[in-house]
Each structure stands twice: as C-alpha cells, then as structure tokens.
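Q: Dumping the structure here so I can ask a few things about it.
The values are calculated or read from the model by the stated rules, or taken from the named source; none is laboratory data. Not measured: the values here are computed from a predicted model. Cβ atoms come from the backbone with ideal geometry, glycine included; neighbour counts cover every protein chain shown.
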Amino acid sequence: MEALTRAPAWGNNSFQYWQADYAAHGIPTVPVEFIRDGSRIRKKPMVGNAGRFDLVGSSKIAAKFAAAPGIGFMCGKRSGITVLDWDSTDEHGFADALNRHGATPLIARTASGKLHGYYRHNGERRWIRPRRDLPMDILGAQLNVAPPSQIETGCYQFVQGSLDDLDSLPVLLNLAQALSADAVPTDWGSMREGDGRNDALFRLLGRAAHSCDDYDQLLDYATTKNKQLGEPMEDARVVSTTKSVWKMTCEGRNRFGQHGAWFPIGELDDLITDRDAFALLGFLRAHNHPDATFWVANGLTERLKMSLPRLQKARRKLTGTHLHLICGARDHEPALYRFTGQGLRGESVS
C-alpha cells in the first residue's frame, strides 16, 4: 500500500450535521468529548447508555449536542462495523496488517496520526493487544471515535474512501493470526450465560490445543479461563468442551488457527488437467475467507512460481465459475473478486 497522505481539514464540524450523514448510511452515532487526564486524553460519550442508541435515538439528540467536538459509534452488531485499530503511526506495519487481514476501501487516520481500517462486523469481539508483538487492537464492540472528530492535537480524517464505502466493506480475514493462543476478549470477565461464553471458550481452546502436550494440560487451561468468566460454566460442561476439542485435535480436525483449502473429488478431477488454475484456486481459498473481497493481482506470479501469461490464463478460467469479478482494475488498483458458490471451499476457522 502506498503511503497515506493527510486529507484537507473537514469544513463542517457540527455533530448534528455529521450525525445525519452517518445515519443516512445506517450508522447510529453519539457525541463524544475528550478529557485530558495527565498526559492522556480520554474519549467519553456525552450520553449515558451510549450502546443502546439506535438511529432514532441518535437523531433526537443531534440538535442538543450540535457543537460536540467528537462523533463516535459502537462497533459490533449495532453499527455492523469492526475496526482494525493500528495503534502506531508506522504505515508499513499497518500495510502488513492489511495484507494479513484483507484490504479495505475505508481507512481513517486519528488525530494523533494512527490508523483505523474499517471492516464489516462478522461476530468479532473487542480484543485489546491480542498479540504482544503488534500495536493492534480489534474493535468488535464498544466505542470507536470517527471522522471528523476534533481534538486539540488535530482531527480524525478518512484518508482512503468515504462513508459511501460502508456498504461494500469486506469482513476481517485470518482473525486467528491476530490472536495469541492465550488471548481473551476484554469483556471475558463479564461474560455470562447467553453472551456466547460457551462458543468463546470452545474457540479459545481450539487455538490453545495446538500448543498443549496432552489433554490434562488443555483441561487445566480451560479450568483457569472458565474461572475468569463473569459467570463460570459448570465443571461438567468445561470437561465435555475440552474433550471435544482434544478429540478434534488428535484426529487432525482442529482447524482453529489453521489455514488451507479443500477440494471435492469431482472438482479436483475437473481441475487436475489445468495445474495453474488448480494452484491459483487453492492459494485463494487458503488465504481468503469465503465472504472476502480480494485481489488476484499479477504480483502472484512470484508466489505461485508461474509466468504472467500462465497466471492470466488461470484467472480467466476461474472467472465466472469459481470467481466473480465485482470491480475491474482502476487507478492503479487491481480488480476485486469474490468467490462464487462453487468457489466456497477451504474456510479457515478463527
């Protein structure tokens, strides 16, 4: 990705004005204030129960908070948005993160020069520093400050795309690569029955099992994490979940954090005579979520060890059967593709 450049300052900083603009795109927003706390600046909604505001509620308070310095929305189901929060001004690191988790048409820069990639919410939770080696958060819940919020150090700006791109956001790919084996959601300690805690523990154990030596080690880990829940599960449920995950792992069926591609026998027989098309489709399935929007760029020649004419021929063969072209190449950007129904194989689990 090319270095991002700063956009001109927003001409209208009224919360009332931008609330209507976000609402037109289906995003309920709330006014945000910025409070200096020593060397830190805290971001705080100016209304109570901010997570409960829908489009109607948001519009009702727009005039009252017209001059609010900030605007924000709740990530997750309410807005339908997950934000990849790159807590650094290192654009090369951010570009690497986009390579891992998928390109997005909508990118914002914060007032302090850090970067936000916008994605379609796909059940992600809120993960703060899930990997110790990366300055990255996954915001699948709670407040996100959005452009054109103003703060004493500057303003939030979209540096790629606009609100019109909200309707075409891709999902975040390869979530497992963003999580350490022992990463837990920041709301883990408040999770209770009905909050998805059973599924969350199952997924956590699925990732952790790959680094456990035996069943007892995995059960010990599961018991520890269960006690940290807001409402722990019954011991019998923890044991049964651990047994299921360990059985999957021993049988080679534990795909959590693992990536690959699967071909039914009929499809394999059909493509085996065209090794280039077979290799290209396998690569795309292994590296992209079934709902993803992705490039099939000419730069893949190096990764796949094939010439450009061979890659182009393979791409043409798959387009229309396994790949759907949704946007042609433009402004030095490669064309965008999705899988067709026939192309949906080899989903990785995160």
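Q: Looking at the range 127-144 only, could you name the residues that are in contact with a Gly (Cβ under 7 Å, 6 or more places away or on another chain) and surrounded by fewer than 21 Cβ atoms within 10 Å (Cβ to Cβ)?
A: Kept after step one, since they are in contact with a Gly (Cβ under 7 Å, 6 or more places away or on another chain), are these residues of the range 127-144: 140-141, 143-144.
The answer is Leu143, and nothing else.
Q: Report, by residue number, each residue of the range 146-159 that is out of contact with any Cys (no Cβ under 6 Å at 6 or more places or on another chain) and either assigned by TED's automatic domain parsing to the domain that holds Leu204 or crowded, with 20+ Cβ neighbours inside 10 Å (or both).
A: Ala146, Pro147, Ser149, Tyr156
Q: Quick one: Thr301 ticks every box in (1) assigned to a helix (DSSP H, G or I); (2) in contact (Cβ under 8 Å) with a residue 12 or more places away in the chain except a single one, so which number is it?
A: (2)
Q: Something else: Among the numbered criteria (1) part of a helix (DSSP H, G or I); (2) more than 27 Å from the chain's Cα centre (by Cα), which single criterion is violated by Thr273?
A: (1)
Q: Could you grab the pairs with beta carbons closer than 6 Å, sequence gap of 6+ or different chains, first residue in the range 8-26 and within 21 Å of His121 (Cβ to Cβ) and modelled with pLDDT of 75 or more, second one in a loop (DSSP other than H, G, I, E, B) and not polar (S, T, N, Q)?
A: Gln19/Ala62
Q: Just wondering, is there one or more residues in the range 209-224 that are part of a helix (DSSP H, G or I), modelled with pLDDT of 90 or more, of a type in the set (Ser, Thr, Tyr) and under 26 Å from the mean Cα position of the chain (by Cα)?
A: No: zero hits.
Q: Could you please let me know if Ala279 is touching a helix residue (DSSP H, G or I) at 6+ places or on another chain (Cβ under 6 Å) and surrounded by 17 or more Cβ atoms within 10 Å (Cβ to Cβ)?
A: When the stated conditions are applied, Ala279 passes them.
Q: A further question follows. Taking only pairs six or more apart or across chains, which ones have beta-carbon atoms under 9 Å, a first residue in the range 36-56 that is assigned to a loop (DSSP other than H, G, I, E, B), and a second residue that is among the polar types (S, T, N, Q)?
A: As it stands, the answer is Phe53/Thr29, since those pairs meet every condition given.
Q: Scan the range 210-266 residue by residue and report those that are closer than 30 Å to Ala277 by Cα, crowded, with 18+ Cβ neighbours inside 10 Å and among the aliphatic types (A, V, I, L, M).
A: none
Q: Within the range 80-125, track down each residue that is among the small types (Gly, Ala, Ser), surrounded by 22 or more Cβ atoms within 10 Å (Cβ to Cβ) and either at positive phi or over 12 Å from the mean Cα position of the chain (by Cα) (or both).
A: Gly102, Ala108
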